[in-house]
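Reading through the structure tokens given below for one structure.
The values are calculated or read from the model by the stated rules, or taken from the named source; none is laboratory data. It should be emphasised that the depicted structure is a prediction, and the values quoted were computed from it without experimental measurement. Every residue, glycine among them, receives a Cβ derived from its backbone with ideal geometry; neighbour counts consider all protein chains shown.
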């Protein structure tokens, strides 16, 4: 049972990493143009990553 | 590569999209950034596939000096930045239109309005709440499942749950807490007040239970309440944000600039917003008069269909006052601005629109009606639970715990989702059919209408005259002159003749007609007096034509009823709605349209004020369908309102729904609104049933955290699935 003492914080930490990953994708503008992203990935010239937020 | 990705209907596949050519000069909308680069945003219509994307970005990117061209397929906006001096905004716009896409410059002020900070805030809150829900379950699920758990372990699990749930709940719940606080300060209680009380009380009781080593703590319930409620809030917000930005795009496509003549006599174009009283403006044929103005120089004919609803053009001469929004047809005018664009719609119309909007803001939405019944009921039940259990000998702690369980189980999660989910699905369905719904309340009002009022010009009819039957050889004879004129009657004549030769040495006398050489012979087309016919009745729905010294012939015109109008009117009648026409046009024209459509109730020659009053007088809950400036007040006043995408911008702003592509949209919108209302009521019914079953459980202390979690998410799921059903039914044709 003592394993819980470090496993519990660890799992919350993993969850937090996921949450911050969401924040990062949000800030990076990855939800600004879902339709465009879907077609950009198919073309090398267009696949330039998300647009930086002004 | 690109061709294989082209979606059907894209200009890439060859079918060019012909937009309403915007007269706006993009120069007025470009701005200079901090890095010294000029930038411009364009609304691009018709770009849907990878082919479009690469064609536009490469085409614009190839212009000299362009640093970046980025197309957003989701919003349909193209952002371009370039080095000043090397290219012009007009070149950028032209590059896009040359590729076959309708494009219009987007006002920088509108770009800022488009950013949607509230939506971003809700999305972040939703992310935090989702994290909280998922991670708090890690600690509470073992408690629900673990029979073999000692008291110490349970306490540890609850403390861990508290560490995760408390900050998440407090952070993600801020939209509710702030809204509740704002409403309390105004001395009112909205739906967010009971939510806030319920959530905060749940947290407090959970802490005290954990401290007192009680068996039940509801940390997971607190954060999942916030999560489920945020979903409803987010959907509702997205619906409104999407409609708002689509409405702005529509207006941008018909945005116009004004050409100001400065003191030195130079012309420059500015956004209409920036015109001030006293400015000297030039209005070329084909442009709209930007603001109310006085004619200084020049004569012309004005198309006032959008302003007053009259089909026939009005004369404009020096010294005459003309209304903003009128389309200049034949001659160049120099005018002096009499009003700013904000004040330019007749002041009375603006005031009426405001009054109408106020009467509308008194409209109570379905969800608020439900909340007004539900909230006091739930709080009384919770209070009775405390009192009841204490009277029957339980201690205060147990009584309070059961009351909190009542609050949790009855917290309006399903209620908060019941309406937004339905409305999002319904507007999505209408959006795909070219109907834009501006708000959820608009759909609710539309479902209640009993009476439909149509404007005539431009709504029921095409809004421009058509040639009535004339011998083909005569039409062909007059066509070369007609092709040289912008006058709507001449245009109609030219249209029915088809493409062909144009007369030479054409001279147009605004307000009278045109003169020119056809095969070397001098001919005139225009009013009777212009052609040289002695006639008493100066009927303006006709044109005369004749070669010099020969017999004159007459062409007659009428505004034709739209081909789909009859079917739309019949469809509305079949749905039990009464139909009426209110028009600003002359009596004869309105009667003809009403008879063609089988509409018995009609009134002609109405001013904007009379139209608005007539909407009031209609008594029944009325749906107004109109496009003109003269309809704006009536649109704002009516219970529901729809405007076509070609309408004046004031009317589009006043209307609840904006539709493109035919009057068939009106019965369709009524159908969808009605079935949305049905689904929403079903959802309320289900919520009521759920509460009837679950509340007694909570009162008698049977609502353990596990039961609460299953009941809450289960009911929300059922409500959402029922809303999605709207997408499956009735759309099979």
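Please state which one of B:93, B:126, B:170 is surrounded by 15 or more Cβ atoms within 10 Å (Cβ to Cβ) and not assigned by TED's automatic domain parsing to the domain that holds residue B:417.
Details: B:126 fails: not assigned by TED's automatic domain parsing to the domain that holds residue B:417; B:170 fails: not assigned by TED's automatic domain parsing to the domain that holds residue B:417.
Result of the check over B:93, B:126, B:170: B:93.
Based on this model, can you work out whether residue B:634 counts as modelled with pLDDT of 80 or more and in contact with a helix residue (DSSP H, G or I) (Cβ under 6 Å, 6 or more places away or on another chain)?
Against the criterion (modelled with pLDDT of 80 or more and in contact with a helix residue (DSSP H, G or I) (Cβ under 6 Å, 6 or more places away or on another chain)), residue B:634 qualifies.
Restricting attention to the range B:318-345, and to residues there that are in a loop (DSSP other than H, G, I, E, B) and at pLDDT 85 or above, which single residue is nearest to residue B:585 (Cα to Cα)? Explain how you work it out, then say what you get.
The first filter runs over the range B:318-345 and keeps only residues in a loop (DSSP other than H, G, I, E, B), leaving B:318-320, B:323-326, B:329-332, B:338-340, B:345.
Now drop any that are not at pLDDT 85 or above, which leaves B:318-320.
Working: B:318: 25, B:319: 25, B:320: 21 Å.
Within the range B:318-345, the match that is nearest to residue B:585 (Cα to Cα) is B:320.
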Of the residues in the range B:144-197, how many are within 13 Å of chain A (Cβ to nearest Cβ) and either touching a residue at least 60 places away in the same chain (Cβ under 8 Å) or not in a helix (DSSP H, G or I) (or both)? 6
Quick check on the range A:26-43. Is at least one of its residues closer than 30 Å to residue B:156 by Cβ, assigned to a helix (DSSP H, G or I), modelled with pLDDT of 85 or more and more than 9 Å from every other protein chain (Cβ to nearest Cβ)? no
Just checking, does the range B:563-571 include any residue being surrounded by fewer than 16 Cβ atoms within 10 Å (Cβ to Cβ), closer than 27 Å to residue B:597 by Cα and modelled with pLDDT under 85? no
For the range B:70-87, what are the residues that are more than 14 Å from chain A (Cβ to nearest Cβ) and surrounded by 19 or more Cβ atoms within 10 Å (Cβ to Cβ)? B:82
Does any residue of the range B:111-128 turn out to be closer than 30 Å to residue B:230 by Cβ, more than 30 Å from the chain's Cα centre (by Cα), assigned to a helix (DSSP H, G or I) and modelled with pLDDT of 90 or more? yes
Please report, ordered by residue number, the helices (runs of 4 or more DSSP H) entirely within the range B:462-575 with at least 3 residues that are within 33 Å of the chain's Cα centre (by Cα) and touching a residue at least 24 places away in the same chain (Cβ under 8 Å). B:488-497, B:565-574
Scan the range A:29-40 and report the pairs whose first residue is more than 14 Å from residue B:120 (Cα to Cα) and whose second residue is in a helix (DSSP H, G or I) and at pLDDT below 85, with Cβ atoms within less than 6 Å and a gap of 6+ or a chain change. A:39/B:50
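Going by the structure shown, is residue B:622 crowded, with 24+ Cβ neighbours inside 10 Å, over 17 Å from the mean Cα position of the chain (by Cα) and in contact (Cβ under 8 Å) with a residue 24 or more places away in the chain?
yes
Every residue in the range B:450-461 that is part of a strand (DSSP E or B) and either surrounded by 24 or more Cβ atoms within 10 Å (Cβ to Cβ) or out of contact with any strand residue (DSSP E or B) (no Cβ under 6 Å at 6 or more places or on another chain) (or both), please.
Result: B:452, B:453, B:454, B:461.
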Which numbered condition residue A:49 fails, given (1) at the interface with chain B (Cβ under 9 Å from one of its Cβ atoms); (2) modelled with pLDDT under 85: (1)
